[in-house]
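Read through the structure below, which is laid out as structure tokens, and then see the notes.
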Amino acid sequence: MIRIAGTELAEATARFVRDNEVRGACLFRQNMTDAVQLARLTGALRDAMGPNALIALDQEGGAVVRSTWVPAPPSAMALGAADDADLAYRTGAAVARAVKSLGFNWNFAPVLDLNNNPHNPVIAERSFGADPQRATELAMAWMAGSESEGVACCVKHFPGHGDTHVDSHRALPTVDKPRAELEQFEFAPFRMAAEIAPAMMTAHIVYPALDPEHPATLSRRILGDLLRGEWKYDGVVITDGMDMHAIAGKYGVGNAAVLALQAGADMVMAIGSPETQEQTVDAIARAIESGELPMDEVRRKLERLARLARTYECAQCYYAAEEDDRTVMAEGWQRALTARGNPQRPPQGAKVRLVMRQDAVSDGVSEAGVTASVLSKVLARRFDVDVVTYADAEAFDWNSLPDDGRFVILASTSRVRYGPKAKAAFKPDLHLALWNPYQALDFDAPALITYGFAAPALDAVDGWLSGALEANGHVPVPGFTAPPQ
């Protein structure tokens, strides 16, 4: 599977696809401008790849979406907070209808990682929760909804990225737990999903209890012995991006691709540059020629991929239910709203001060957060708003705010947790945790938690501020039952 540059299929890329019989492409935000352009691009990819094309994206919901103009799905943890399997099913179906209309037949979702680590830098609200049984039930309901609309899912990140404090895009994490503990927690959702999930994505993480030398993506003990052998999984196994530093920086892209296929993966996600894609193809070809990758194994991998493509045909269709789907998404965001520490609404027309960071940032996986101008317009529907922004929370002097009686609202609009200086100094009257719910633990302040910053999430906040909505969600991870501290 490759990544392409730009918003059109260049002739050189099309030639590379045809010459090497590449059957997969993963598209990202920079490949998309609008529905017309994107349908044209996916159509060109189908033409170049042929009938077994697998065209994928990450349309999880929350902050991890690529097509941002279609109905905005609530994040996994928002659905965990609402705790309704039927809502999860309807959300998964709505996501699938949108992406199928754009020419996709494979969505790299849902996330099965159980987030029990409040300092996890890359999962957090992407997880349905921390309870293996309930989180898996909600994720499988979401997947069933997607499958009902003919879009394949890919559960991730096997065998579990929830209890890490390192982002595998930047370094190689380790989950050092006994096998029995892994079986009860990290492995449990994937084991349950193995009976029905059409595809799984591997994690670039070392699990010493199973293989102290290789991350799961490159581990025969994990992909071959555990997943294929013990669990009898016969769906497609695809690697996470092989350009991520945890892999490329240590093993080299070509060598890593061969190791992943030898370990048990069926498809290598080569989403680096055209040069690294060439290196990957060359390394795989040499491994087949030398017998390092036996042809009988190669044929089994190709058959799994062909079966996936046949089952989930890649063909664009008309999007007939967009407005209905916006209603489904809005319901999810509204029912997810969670109160912590008895937050109070300012009176209508009150003078409020919005404090938030200047920039809208992305962590490289997610879309960029909401800007001060957007959020201030939402608040201005109800209040007289004064906006104060900062570049660095650790350097911002909270005591510099005027003591003029305004109701102070702090909005958290990035994934990164606050540092010690901010935690000690910030004293908002209301904390809007608009991305990472764990930020609500950073301050001794009442909070409203949304699990995301999409437009319908902000509309839900507005509904709460107006008194039309209550915050009845429950954070589906440990640590939120005690008062703020």
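A short reminder: the numbers here are calculations on the coordinates, not readings from a lab. All values reported here derive from a predicted model rather than from experimental measurement. All Cβ positions, glycine included, derive from the backbone under ideal geometry; neighbour counts span all protein chains shown.
Based only on Cα atoms, what Rg/Rh ratio does the stretch 148-250 have, Rh being taken as Kirkwood's radius?
0.95
Name the residue farthest towards the positive end of the dipole of the chain from the options VAL122, ALA433, ALA263, assuming +1 on Cβ of Lys and Arg, -1 on Cβ of Asp and Glu, about the Cα centre.
With unit charges placed on the Cβ atoms, the residue in question is ALA433.
Of LEU45, ALA88, LEU57, which is farthest towards the positive pole of the stretch 28-92's charge dipole, taken about the Cα centre with +1 and -1 on the beta-carbons of Lys, Arg and Asp, Glu respectively?
About the Cα centre, the residue reaching furthest to the positive side is LEU45.
Sort 186-196, 106-116, 20-30, 78-88 for me by packing, meaning the mean count of neighbouring Cβ atoms within 10 Å per residue, highest on top.
Numbers: 186-196: 20.7, 106-116: 28.1, 20-30: 18.8, 78-88: 23.7.
For the peptides 186-196, 106-116, 20-30, 78-88, the packing ranking is 106-116, 78-88, 186-196, 20-30.
Looking at the stretch 11-311 only, what percent of DSSP beta bridges run antiparallel? Nearest 5 please.
Taking every DSSP beta bridge with both residues in the stretch 11-311, the antiparallel ones total about 15 percent.
Take every DSSP beta bridge whose two residues both sit in the stretch 337-466, then give the antiparallel share in percent to the nearest 5.
Of the beta bridges lying entirely in the stretch 337-466, close to 15 percent run antiparallel.
Using modelled amide H (1.01 Å from N, peptide plane; none on Pro or chain starts), what sits under 5 Å from the amide H of HIS161, excluding residues fewer than 5 places away?
Sorted by chain and number, the residues that satisfy this are ASP113, LEU114.
What is the local net charge at GLU125, summed over the other residues whose Cβ is closer than 11 Å to its Cβ (Lys, Arg +1; Asp, Glu -1)?
Value of the local net charge: +1.
So how strong a dipole does the stretch 337-466 carry about its Cα centre when Lys and Arg Cβ are +1 and Asp and Glu Cβ are -1, to the nearest 20 debye?
260 debye
Hey, what angle do you get for helix 132-148 against the long axis of the chain, alpha-carbon based, 0 to 90 degrees rounded to 10?
70 degrees
Note down the Stokes-Einstein diffusion coefficient of the stretch 260-409 in µm²/s, whole number, using a Kirkwood radius over alpha carbon pairs, 20 °C, and 1.002 mPa s. Walk me through the numbers on the way to the answer.
Details: Rh = 21.9 Å.
For these conditions, the coefficient is 98 µm²/s.
With everything on Cα atoms, drop me the angle between helix 455-466 and the longest principal axis of the chain, reported from 0 to 90° to the nearest 10.
Approximately 20 degrees, to the nearest ten.
Suppose every K and R has +1 on its Cβ and every D and E has -1 on its Cβ; what is the size of the dipole of the stretch 11-311 about the Cα centre, in Debye to the nearest 20?
The dipole magnitude comes to about 600 debye.
Grab the Cα-Cα distance for ASN472 and ARG220, subtract it from 0.36 nm times how many residues apart they are, and report the gain in nm with one decimal. Numbers along the way, then the final one.
Details: separation 252, 0.36 × 252 = 90.72 nm, distance 4.50 nm.
Between ASN472 and ARG220, full extension yields 86.2 nm more.
Run the simple label-point estimate for GLN133 and GLU303 please: 7 Å along Cα→C-beta, distance reported in nm.
About 3.8 nm separates the two model spin labels.
FRET efficiency for ALA39 and LYS427, Cβ-Cβ distance as r, R0 = 51 Å, nearest 0.05? Please list the in-between numbers first.
On the way: r = 50 Å, r/R0 = 0.98.
Efficiency, rounded to the nearest 0.05: 0.55.
Describe numerically, in nm with one decimal, the distance between label points set 7 Å from Cα along Cα→Cβ at ALA315 and at GLU21.
Distance between the two pseudo-spin positions: 2.4 nm.
Once the Cα atoms of helix 322-336 and of the chain are each reduced to a long axis, what angle between those two axes, in degrees from 0 to 90 to the nearest 10, is obtained?
Long axis of 322-336 versus the principal axis of the chain: about 60 degrees.
Taking the Cα centre of each part, how many Å lie between the stretch 273-327 and the stretch 381-446?
The stretch 273-327 and the stretch 381-446 have Cα centres separated by 45 Å.
Let me see the P(r) profile for the stretch 193-325: every Cα-Cα distance counted, bins of 5 Å, each bin given as a percent of all pairs.
Taking all Cα pairs of the stretch 193-325, the binned fractions are 2, 10, 18, 21, 19, 14, 7, 4, 3, 2, 0 percent.
As a test of the formula, what do you get for the chain when each DSSP H run with n ≥ 4 contributes -39,500 (n - 2.57) and the sum is divided by the residue count, at 222 nm and rounded to the nearest 500 deg cm²/dmol?
Helix-only estimate at 222 nm: -11000 deg cm²/dmol.
Report the label-to-label distance for ASP324 and VAL361 in nanometres (one decimal), using points 7 Å from each Cα along the Cα→Cβ vector.
4.2 nm
Roughly what percent of Cα-Cα pairs across the chain reach past 40 Å?
21 percent
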